[in-house]
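Note sheet for the following structure.
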């Protein structure tokens, strides 16, 4: 008899649950709530302001040290976003890129003479080769060709057959008057591209 009572009670609970689920809720049926007065919640209008809805997961933040209200937010599947007002609003800075999935972000906090710090930031974000290439590019834009060459040459020791690196070295060597080194780098570029075969 005890078992029969438990089964009856269980069956009654299941039937009650099914009946409760069959009753349409206002949100499901499209019916408006029966409230005559407007609440403060009804006046809230939501708008998308940045990376919170893009991918749902932040990978990393990079803050401008000289102005902490400006920072970048990298998202796993939503690209890179920038804020200049401490996160009140964001602007996408990655819309024109072929790939928007990010694994890391770093800023070169390079004030004049702080290129070693920039290298450390780049290397931390993407490895030593990436750090060398990006720091060399910064130095090159700043007109510091000799220092840029040191970073490009260090990158070449890490990846001797990189076509993009060899192209940069050819151009830098020619610009600084190192014709012999430019020819060697050009030859290595042709070999790595399959244009020439390596001489034994």
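Brief remarks on what is shown
- The modelled label-to-label distance for the pair residue 171/residue 92, using points 7 Å beyond Cα in the direction of Cβ, is 2.9 nm.
- Computed extension gain for residue 76 through residue 159, at 0.36 nm per residue and net of the alpha carbon distance, reaches 27.1 nm.
- FRET efficiency, residue 64 to residue 183 (Cβ-Cβ, R0 41 Å, nearest 0.05): 0.45
- Residue-span extension gain [residue 6 to residue 146] - 0.36 nm each, minus C-alpha spacing: 41.7 nm
- Three-way shape label, the range 49-105, alpha-carbon gyration tensor, a/c 1.5: prolate
Read-outs: derived from the displayed coordinates by stated rules, not from any lab. If you're wondering where the values come from, they're calculated on a predicted model, not measured in any experiment. Positions of Cβ are backbone-derived with ideal geometry, glycine not excepted, and every protein chain shown enters the neighbour counts.
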